[in-house]
1. Do you know which residues across the range 64-111 are more than 22 Å from residue 40 (Cα to Cα) and in contact with a Lys or Arg (Cβ under 6 Å, 6 or more places away or on another chain)?
2. Kindly indicate whether any position in the range 212-228 is touching a residue at least 40 places away in the same chain (Cβ under 8 Å), at positive phi, surrounded by 14 or more Cβ atoms within 10 Å (Cβ to Cβ) and not acidic (Asp, Glu).
3. Filter the range 226-272 down to residues that are in a strand (DSSP E or B), within 15 Å of the ligand (Cβ to nearest atom) and hydroxyl-bearing (Ser, Thr, Tyr), then give me how many there are.
4. Could you list, in sequence order, the residues of the range 86-110 that are without any contact (Cβ under 8 Å) to a residue 60 or more places away in the chain and among the hydrophobic types (A, V, I, L, M, F, W, C)?
5. Scanning the range 129-169 for residues that are part of a loop (DSSP other than H, G, I, E, B) and aliphatic (A, V, I, L, M), which turns out surrounded by the fewest Cβ atoms within 10 Å (Cβ to Cβ)?
6. Can you tell which of 63, 50 is more than 30 Å from residue 161 (Cβ to Cβ), among the aliphatic types (A, V, I, L, M), outside any helix (DSSP H, G or I) and touching a residue at least 24 places away in the same chain (Cβ under 8 Å)?
7. Which is touching a His at 6+ places or on another chain (Cβ under 9 Å) and away from the ligand (no atom under 16 Å from the Cβ), of 213, 220, 198?
8. So which of 117, 81 ends up being touching a Gly at 6+ places or on another chain (Cβ under 9 Å) and part of a strand (DSSP E or B)?
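The values are calculated or read from the model by the stated rules, or taken from the named source; none is laboratory data. Bear in mind the structure is a predicted one, so any value in this text is a computation, not a measurement. Here the Cβ is made from the backbone with ideal geometry for all residues, glycine too, and neighbour counts use every protein chain on show.
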Amino acid sequence: MPELPEVEVVRQVLKQSLIGKTILKIDCFYSNIIEGSLKEFKSKVENKKITDIKRYAKYLIFILEEGAFLSHLRMEGKYFYLPKNHEPMKHIHVIFHLDNGYDLLYADVRKFGRMEYKRVEEIYSTPPLSKLGIEANAKSYDIKAIVQKMSHKNKTIKEILLDQTILSGLGNIYVDEVLHASGISPLTKGRNLKEKDIQKILDASKEILDHAIELKGTTIRSYTSSLGVIGGYQNFLQVHTQSICKKCNSKIQKIKIGGRTTYYCSNCQREL
Ligand SMILES: [Zn+2]
């Protein structure tokens with residue numbers, strides 16, 4: 001699944017190509033990708049100019065001259081931006097025909113990705129975005145409020161960070177990296193974390209996500225190569241998919257937590 005840095009890279013690349021372009025027509029071959037009525041989505045989005053592309057956590061937000069739509073890539077969603085006479089391609093579910101002779105194509109092998117029309121004033125005040133916690137690389141936040149939320153959690157910190165409602169934008173790769181950098185075992189229960197531990201997690205999240213964005217994300221499976229971008233953060237991974245800890249040379253533990261493969265170093269990371 002693309003995480004915050006990879007979605008940010010997609011946003012940056014799409015923004016360069018799409019600002020000021022008008023979506024003339026939409027073809028959709030798998031209507032479940034669109035939340036709600038496809039007919040209504042088309043009527044709201046067709047003949048609108050794209051004025052900006054924003055992002056919150058793992059959501060892309062296409063701002064139109066009137067209204068907006070959210071796009072979540074989930075497991076395998078990808079965008080391609082190609083001239084109209086491109087070769088036929090597999091797994092294309094939505095085509096946005098643009099007014100400059102190009103198409104924006106949405107491909108998704110697993111078909112889990114979703115798009116949803118929103119009025120601009122309801123983007124952040126309605127689900128899904130209203131249910132998300134602060135972004136994991138936010139510049140400012142209310143640490144006391146986060147500590148308070150965490151203190152009720154009986155789940156492991158790995159599950160809490162994947163859940164997105166306290167901190168949003170991290171997925172399986174970056175959660176493992178953030179907990180390693182924080183020295184905290186993924187098996188630690190949320191309620192056992194003190195303010196100083198949560199501060200360590202927030203500091204590590206910001207540092208790791210910002211560094212990953214700089215390096216155009218992590219390419220383990222590729223989410224951005226459809227747009228011609230190959231990320232470089234995979235060369236900096238300390239625990240995820242590794243066999244030896246880069247910090248202490250101990251063997252990395254590979255376990256399942258909440259059904260997700262989890263890598264951690266039992267020497268560097270303490271269970272609190
Ligand atoms: Zn270690």
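1. 75, 76, 100, 101
2. Yes, there is a match, as at least one residue in the range 212-228 is touching a residue at least 40 places away in the same chain (Cβ under 8 Å), at positive phi, surrounded by 14 or more Cβ atoms within 10 Å (Cβ to Cβ) and not acidic (Asp, Glu).
3. 3
4. From the range 86-110, those without any contact (Cβ under 8 Å) to a residue 60 or more places away in the chain are 86-91, 101, 103, 105, 109-110; that's our starting set.
Scanning the range 86-110 gives 89, 105, 109.
5. Taking the range 129-169 first, the residues part of a loop (DSSP other than H, G, I, E, B) are 132-133, 136-142, 151-155, 164-166, 169.
Add one more test, that the residue is aliphatic (A, V, I, L, M), and what stays is 132, 136, 138, 166.
Working: 132: 19, 136: 26, 138: 15, 166: 19.
The qualifying residue surrounded by the fewest Cβ atoms within 10 Å (Cβ to Cβ) is 138.
6. On the way: 63 fails: more than 30 Å from residue 161 (Cβ to Cβ).
Result: 50 is the single residue among 63, 50 that is more than 30 Å from residue 161 (Cβ to Cβ), among the aliphatic types (A, V, I, L, M), outside any helix (DSSP H, G or I) and touching a residue at least 24 places away in the same chain (Cβ under 8 Å).
7. 220
8. Numbers: 81 fails: touching a Gly at 6+ places or on another chain (Cβ under 9 Å).
It is 117.
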